[in-house]
1. Got a number for the accessible area of Tyr338? Probe 1.4 Å, square angstrom, nearest 10.
2. How much of the accessible area of the stretch 409-476, probe 1.4 Å, is carbon plus sulfur, in whole percent?
3. Loop only by DSSP, 14 or fewer other Cβ within 10 Å of the Cβ. Give me the chymotrypsin sites (Phe, Trp or Tyr not before Pro) in the stretch 99-165 that pass, ordered by residue number.
4. Using the Karplus equation 6.51 cos²θ - 1.76 cosθ + 1.60 (θ = phi - 60°), what ³J(HN,Hα) coupling, rounded to whole Hz, does each residue of the stretch 343-357 give in order, writing x for Gly and Pro?
5. Place a +1 charge on the Cβ of each Lys and Arg in the stretch 260-419 and a -1 charge on the Cβ of each Asp and Glu, then give the dipole magnitude about the Cα centre in debye, rounded to the nearest 20.
6. Just reorder Asp417, Asp157 by solvent-accessible area, largest first, 1.4 Å probe, all chains present.
7. Within the P(r) computed for the stretch 369-503, what percentage of the Cα pairs occupies the region above 17 Å?
8. Run the simple label-point estimate for Arg378 and His107 please: 7 Å along Cα→C-beta, distance reported in nm.
Amino acid sequence: MVPQPEEPLEHIENVSEESTSVEEPEDEIEEADAAAAEEQAAEVVEEVVEITQEETEDVTETTPEDVVQDVPAPAGEVTVSADNPALKETMKGKETPSASDTRDWSHIEDTLQLASAEPSQAFVDALKKLQHIYSTAIKPLEMAYKYNELRQHEVSDAEITSKPMVLFLGPWSVGKSSMINYLLGLQDSSQLYTGAEPTTSEYTVLMHGEKVRTIEGIVMAADSSRSFSPLEKFGQGFLEKLVGIEMPHKLLERVTFVDTPGIIENRKQQERGYPYSDVCQWFIDRADLIFLVFDPTKLDVGLELEMLFRQMKGRESQIRIILNKADSLTTQDLMRVYGALFWSMAPLINVTEPPRVYVSSFWPQDYALDTNRDLFMREEISLLEDLNQVIENRLENKIAFIRQHGIRVRIHTLLVDRYLQTYHDKLGWFSDPDEVFRDIVSDPDKFYIFKSILAKTNVSKFDLPEPEAYRDFFGVNPPSGFKLLSSHCSWSGGCLLEKIEKAITEDLPALLSNLAEKKQAKAEPPAETKEKPQNPWRRQ
């Protein structure tokens with residue numbers, strides 16, 4: 001404590017009258033040296049404190065706390081004042097955000113165009129026409145020649161009308177559930193539990209509904225109006241690991257999210273209690289977009305991840321690799337992790353161009369300080385634009401999928417018909433039917449089964465199934481259960497083969513072109529507002 005000097009009462013009264021408007025310390029510090037300023041400041045503080053204790057009724061307008069905030073602290077102590085511009089400049093950029101700081105969610109809503117989520121009448125009409133083409137031209141041949149038993153992919157009406165499916169894959173605790181919560185804006189009331197340990201052990205399907213509720217997997221598989229009824233073939237053990245969550249949300253009106261259990265490399269697949277690879281293949285075949293999420297601490301490749309990449313072969317255009325939690329690293333470390341991720345993925349992705357890797361931090365908390373905030377935000381918006389493009393092109397993708405499915409059904413029908421024709425040609429009066437057909441199935445190249453199909457139009461050798469697949473197919477389905485294609489013709493209905501060829505070559509491409517024309521007409525301005533092009537060769 002600095003001893004108080006003896007001063008006349010008049011000076012004390014002057015101090016009490018002027019205590020409400022103490023001058024800023026910076027002017028006094030500029031006029032005197034640092035030591036004299038500190039002594040004078042300490043004296044003023046002590047005088048004001050004593051006066052306020054003795055004559056509180058005279059200084060009720062000014063509290064001691066307000067006076068102390070405007071007066072510099074004694075030597076050895078540092079106080080940061082919000083009104084001090086000099087300290088503002090020195091502490092600029094060093095303030096740490098609190099844990100409650102969250103990011104703005106408006107860019108997600110704007111990029112995904114959630115305000116205009118209602119489907120148009122043209123979209124509904126095109127979808128109904130697509131269902132009609134499938135049910136009248138493709139499905140009869142599919143059922144007559146049991147295509148579902150070959151590919152194990154049955155297309156139902158619920159799958160045609162279903163929303164685009166976005167699948168989240170990746171190791172455990174890389175932020176898949178947190179990313180879904182962030183995209184849905186559920187940081188306050190998270191529907192998916194998140195944590196540092198492996199938390200998601202179920203396949204969680206987030207769908208749109210009138211109210212928030214949880215649906216068991218057994219109920220989802222039993223409901224024919226949904227597209228998850230084929231999951232019953234994986235057994236009751238898997239249905240116990242399947243959970244559906246419905247909630248009213250604009251984004252879920254346009255897309256369905258599927259959160260999968262994290263990949264654990266040090267565990268055998270048999271310990272999951274269900275065929276993990278087969279279930280993943282089912283979701284991969286139906287996914288419109290696949291988010292493969294990693295974080296800087298889990299870049300190793302094991303058996304399960306390698307198996308997933310083999311299952312995703314041919315669907316590289318739908319894969320988006322995400323390096324999450326990027327704001328937890330410095331710029332130099334982030335470059336090293338980015339290179340290590342490419343080094344790990346290189347043996348697994350057999351494509352000519354490198355895959356697109358999105359680097360950001362997908363969770364509601366604000367980015368860490370001293371990180372590339374602009375880069376992370378641009379990467380996030382780029383990923384949201386990819387997601388919005390898939391949502392906008394959902395009907396075109398459905399038409400392309402049904403056409404591809406029809407091509408496979410047509411090839412399967414031609415192959416089965418060729419097997420039956422060869423069987424009837426080689427079958428004699430005294431020959432064993434089973435032995436003849438077994439000889440044809442075991443060596444189809446000997447009887448030119450596949451080569452005769454390639455001689456037809458619109459058949460590519462890359463679309464032909466493997467001959468081993470038909471050994472298993474005819475092992476379950478004997479040739480007596482099928483009829484020749486010529487017998488599937490009638491005077492009134494025509495031939496089934498002609499219907500499916502007409503759908504593949506005419507109906508589905510026409511539906512796709514009409515949809516593109518409507519989109520282009522909607523994007524263009526009205527005719528009266530368009531400026532007429534001027535002819536430079538015309539006489540004015």
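1. Per-residue accessible area (Tyr338): approximately 80 Å².
2. Carbon-and-sulfur percentage of accessible area, whole number: 50.
3. Qualifying residues, ordered by number: Trp105.
4. Coupling constants for the stretch 343-357: 5, 6, 7, 4, x, 9, 9, 9, 10, 6, 10, x, x, 7, 10 Hz.
5. Roughly 800 debye, rounded to the nearest 20.
6. Asp157, Asp417
7. 70 percent
8. With each label placed 7 Å out from Cα toward Cβ, I get 1.1 nm.
The values are calculated or read from the model by the stated rules, or taken from the named source; none is laboratory data. All figures in this text were calculated on a predicted structure; none of them were measured in a lab. Here the Cβ is made from the backbone with ideal geometry for all residues, glycine too, and neighbour counts use every protein chain on show. Protein only, heavy atoms only, side chains kept; ligands, DNA and RNA dropped before computing areas. Shrake-Rupley method; radii C 1.70, N 1.55, O 1.52, S 1.80 Å.
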